[in-house]
Amino acid sequence: MSDFNEEPVPGSDSDGFPVPTATLPDPAAVREEMLKIYPSKTLKKRSKQMLVNDPSAPPEIGANTRTVPGIITQRGCTYAGCRGVVIGPIHDILHITHGPIGCGYYSWLTRRNLAQQRPDQPINFLQYAMSTDMMESEIIFGGEKKLAAAIREAYEIFKPKAIAVYATCPVGLIGDDIHSVCREAKKELGINVFGFSCEGYKGVSQSAGHHIANNGVFKHMVGLLDEPDPEPFRINVLGEYNIGGDAWAIDTLLKKCGIHVTATLSGDVTYDQICKCHTADLNVVMCHRSINYMAEMMETKYGVPWIKVNFIGAEQSAKSLRKIAAYFQDKQLTDRVEEVIAQEMAELRPVIADVKTRCEGKTAAMFVGGSRAHHYQHLFKDIGMLTVAAGYEFAHRDDYEGRDVLPSIKIDADSRNIEELEVEADPEKFQARKTPEQLAALEAGGFSFKDYEGMMREMRKETLIIDDISHHEIEKLIELYKPDIIGSGIKDKFVIEKFGVPCKQLHSYDYGGPYAAFTGAANFYKEVDRMINTKVWQLVTPSWKKPADPAHTFGRGIDNPANKAIRELIAGQAKVKKPAKAAPAADAPCGE
Ligand code: CFM
């Protein structure tokens, strides 16, 4: 018996996956159906990005390559990955976007990386959006002076400990040297000021921005404060951004166990916490995609080992706690962790049992970012739901197939564009956390360091995997799989819901969360239950299923009665006539 379920689990197949009540289509046939409309070049590219899973030998997937123009990707840009994702959540430094106002506006509170003022952390600048608001004159004559003035002005108003500056596309195109402006400002103001060349076009997605951000945080912050926290069992939680309060839920759970978080990178974190994070005993990595670079660099330079964890899903949370306790090899800690797991599971079991009566056997599909499409499968599995199709927006092959494929990943021109820092052991600050004998003993006991098995090995055989899914493919997926819920983002949420399928935003969580740790898991189960089982979906009839209303001509393209003249013109039948002075109001499309 596990903490979670009696074994064998009723409603599960021999591999432990929930058995769906609906009959599933043949994934290979669905794939063919999705691909068949593409012209040959697109077809060739998309074929590599769409696969049928085999967990025992994950097939090679085409990932982290340029999006096919026009497929309507869900991806974001390099600036979004740097300023928005990895560094943006640091709440007591100023983030100044150097560029036209749109980029600053877009990154203003759109990601729910929450931060709270506390007595020991009285400052929270996250509600501000700071931008140099570049205009045509700066695009023509250069924006460095305006940036220097903006840094000065922001400093005078807020007196922060540090200022980070982010370059947007036009800055890279006109060649403003943000780094020299930052160096000058650092001298002048006497605080830490540093820049990120994270122009949106720098990479094929936000993933490039993660790497640039990791490099910058490592160069300009990590290692500046050498005083370790006094608590024992110190860890950093890397790749956890406190969306909807997840980092708080994880922190609370760890505290109960007696495990201390020096820094979370970078959910609800302060500048000082990042500066001293190299003093922790262990790095635990939640989102491998966005922060594996930092984990590797900290290990090389400071000797902090890293392990992969996942606090999304009850069983996964228990597993992660046990893994952390095993690392510290402390009997008292191990016992405490077991106690906490037992308490948390006792509270969670009735919730699962109740939700299961309505959700068991239902299906989900997920297309999210670079880690959640994997992690959230565990939450669905907890309540007896099967993930029938999944994919990342921008993850790399290792996030799908596991880190053992790293040596075989081809470095293309787009990846070469991003700086790889050369890191060496720090002659003074490097300190091995475990002796080689201790490490060998841990590994012999099945403990794995710097390892991530990826999504495919943990998914059921025959699951459809789609990287950087297009709108057309999502529509086909809904038509052929009829999933009970889709986890995705704002760009496709309403398209999905117009099909009568509930869509849970797994980036911002809509307005919900936290979903991490045991308490968060309960929130997720209940919300999914409500979303799937509300009767509202039965009332949705997609517009294309309704009989055409002759009064409504919008959306009928060339068949629109109002386009008679164009049809005739195309057919070569019409004489070109001068249009009537004013178009009759009745012809206006209904969407106007
Ligand atoms: Fe990591 Fe993220 Fe994700 Fe990500 Fe993101 Fe995000 Fe995400 Mo949106 S860092 S890869 S770049 S877990 S913002 S908190 S939800 S796409 S799956």
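Looking at the range 56-67 only, could you name the residues that are surrounded by fewer than 16 Cβ atoms within 10 Å (Cβ to Cβ) and either at pLDDT below 95 or not hydroxyl-bearing (Ser, Thr, Tyr) (or both)?
Answer for the range 56-67, where residues must be surrounded by fewer than 16 Cβ atoms within 10 Å (Cβ to Cβ) and either at pLDDT below 95 or not hydroxyl-bearing (Ser, Thr, Tyr) (or both): Ala57, Pro59, Glu60, Arg66.
In contact with a Gly (Cβ under 7 Å, 6 or more places away or on another chain) and assigned by TED's automatic domain parsing to the domain that holds Ile90: which single residue out of Leu147, Leu109, Leu114 fits that description?
Of Leu147, Leu109, Leu114, the one residue that is in contact with a Gly (Cβ under 7 Å, 6 or more places away or on another chain) and assigned by TED's automatic domain parsing to the domain that holds Ile90 is Leu114.
Hey, Ile307 hits all of (1) among the β-branched types (Val, Ile, Thr); (2) under 12 Å from Glu240 (Cβ atoms); (3) away from the ligand (no atom under 13 Å from the Cβ); (4) within 20 Å of the chain's Cα centre (by Cα) but one; which does it fall short on?
All conditions are met except number (2).
Hey, any hits in the range 228-250 for a residue that's within 24 Å of Phe125 (Cβ to Cβ) and away from the ligand (no atom under 16 Å from the Cβ)?
The answer is yes, given that some residue of the range 228-250 is within 24 Å of Phe125 (Cβ to Cβ) and away from the ligand (no atom under 16 Å from the Cβ).
Name every residue in the range 100-119 that is touching a residue at least 24 places away in the same chain (Cβ under 8 Å), closer than 19 Å to Ala247 by Cβ and within 16 Å of the ligand (Cβ to nearest atom), in order of residue number.
The answer is Thr110, Arg111, Arg112, Asn113, Leu114, Ala115.
Only one of these is hydroxyl-bearing (Ser, Thr, Tyr), within 14 Å of the ligand (Cβ to nearest atom) and surrounded by 24 or more Cβ atoms within 10 Å (Cβ to Cβ): Thr73, Thr97, Thr78. Name it.
Exactly one of Thr73, Thr97, Thr78 is hydroxyl-bearing (Ser, Thr, Tyr), within 14 Å of the ligand (Cβ to nearest atom) and surrounded by 24 or more Cβ atoms within 10 Å (Cβ to Cβ), namely Thr78.
Look through Ile312, Ile291, Ile341 and report the one residue that is within 26 Å of Leu379 (Cβ to Cβ) and touching a strand residue (DSSP E or B) at 6+ places or on another chain (Cβ under 6 Å).
Checking each option against the conditions leaves just Ile291.
Looking only at residues that are aliphatic (A, V, I, L, M) and within 16 Å of the ligand (Cβ to nearest atom) in the range 172-224, which one is farthest from the chain's Cα centre (by Cα)?
By that ranking, first place goes to Val217.
Specify which of the listed residues (Phe367, Phe311) is touching a Ser or Thr at 6+ places or on another chain (Cβ under 6 Å) and under 16 Å from Ala521 (Cβ atoms).
Answer to the check: Phe311.
As an exercise: evaluate Met366 against (1) surrounded by fewer than 22 Cβ atoms within 10 Å (Cβ to Cβ); (2) within 16 Å of the ligand (Cβ to nearest atom) and give the number of the one condition it does not meet.
Against the list (1) surrounded by fewer than 22 Cβ atoms within 10 Å (Cβ to Cβ); (2) within 16 Å of the ligand (Cβ to nearest atom), Met366 comes up short only on (1).
If you take just the helices (runs of 4 or more DSSP H) that sit entirely in the range 286-390, which of them hold at least 1 residues that are among the small types (Gly, Ala, Ser), free of Cβ contacts under 8 Å to residues at least 40 places away in the same chain and within 16 Å of Tyr515 (Cα to Cα)?
Those helices (runs of 4 or more DSSP H) span 314-328.
So how many residues does the range 128-172 have that are of a type in the set (Gly, Ala, Ser), out of contact with any Leu (no Cβ under 7 Å at 6 or more places or on another chain) and assigned to a helix (DSSP H, G or I)?
5
Can you give me the number of residues within the range 68-90 that are over 21 Å from Gln505 (Cβ atoms), assigned to a loop (DSSP other than H, G, I, E, B) and of a type outside the set (A, V, I, L, M)?
Selection size over the range 68-90: 2.
Look at Leu24 and say whether it is touching a Pro at 6+ places or on another chain (Cβ under 7 Å) and either assigned to a loop (DSSP other than H, G, I, E, B) or surrounded by 21 or more Cβ atoms within 10 Å (Cβ to Cβ) (or both).
no
Need the failing condition index for Glu393 against (1) within 16 Å of the ligand (Cβ to nearest atom); (2) under 24 Å from Phe447 (Cα atoms), just the number.
(2)
I want to confirm something. Restricting to the range 447-505 and keeping residues that are closer than 26 Å to Val284 by Cα and among the hydroxyl-bearing types (Ser, Thr, Tyr), which single residue is surrounded by the fewest Cβ atoms within 10 Å (Cβ to Cβ)?
Ser448
Quick one: Met34 ticks every box in (1) in contact (Cβ under 8 Å) with a residue 12 or more places away in the chain; (2) over 18 Å from Ile469 (Cβ atoms); (3) among the hydrophobic types (A, V, I, L, M, F, W, C) bar one, so which box is it?
Answer for Met34: the failing condition is (2).
The values are calculated or read from the model by the stated rules, or taken from the named source; none is laboratory data. Just so we're clear, the structure is a prediction, and the values are computed from it rather than from any experiment. Cβ atoms come from the backbone with ideal geometry, glycine included; neighbour counts cover every protein chain shown.
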